[in-house]
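Here, each number is a calculation from the coordinates, and none is a lab measurement. These numbers come from a predicted model, not from an experiment. FYI the Cβ positions are ideal-geometry reconstructions off the backbone, even for glycines, and counts take in every protein chain you see.
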Ligand SMILES: Cc1ncc(COP(=O)(O)O)c(C=O)c1O
């Protein structure tokens with residue numbers, strides 16, 4: 001018998017992970033679980049202008065990102081989270097620390113540099129803007 005999240009009826013806490021844009025159809029998704037004790041986690045790995053129209057500032061309690069889809073550096077296995085709750089952020093940090101037993105310094109340094117270059121291209125108009133460049137390449141292709 002299948003289980004559908006829209007018909008979830010248990011009176012208990014749950015975690016709902018929302019991948020938006022969704023894979024592989026690119027649809028922007030919202031939460032669907034029929035409950036009111038949920039912690040909603042938005043996986044925004046593909047929430048970049050080269051993959052979808054960014055029409056508003058994402059503003060969820062917990063938002064996950066990864067450099068692998070932003071710039072294509074999938075081998076780094078580096079991501080980050082924007083989290084509104086201090087205590088949730090602390091628990092996530094501890095969980096990550098235990099799961100990874102520490103992230104290697106090399107990808108951390110490389111990806112910090114990549115993100116620095118991208119953000120600098122927003123400040124220095126003589127530089128080509130990475131996200132706009134990526135968006136135009138994807139538009140040309142598709
Ligand atoms: C939707 C989504 N979220 C998160 C990840 C994890 O990214 P990574 O482990 O490469 O940083 C992936 C990778 O395929 C993904 O497709």
(request) Could you please rank 138, 92, 63, placing first whichever residue has the fewest other Cβ atoms within 10 Å of its Cβ? (result) 138, 92, 63
(message) What are the extents of the Cα atoms of the chain along their three principal axes, in Å, largest first?
(response) 56, 38, 27
(message) With a cut-off of 8 Å between alpha carbons and a minimum separation of six or more residues, what is the relative contact order of the chain in percent?
(response) 18 percent
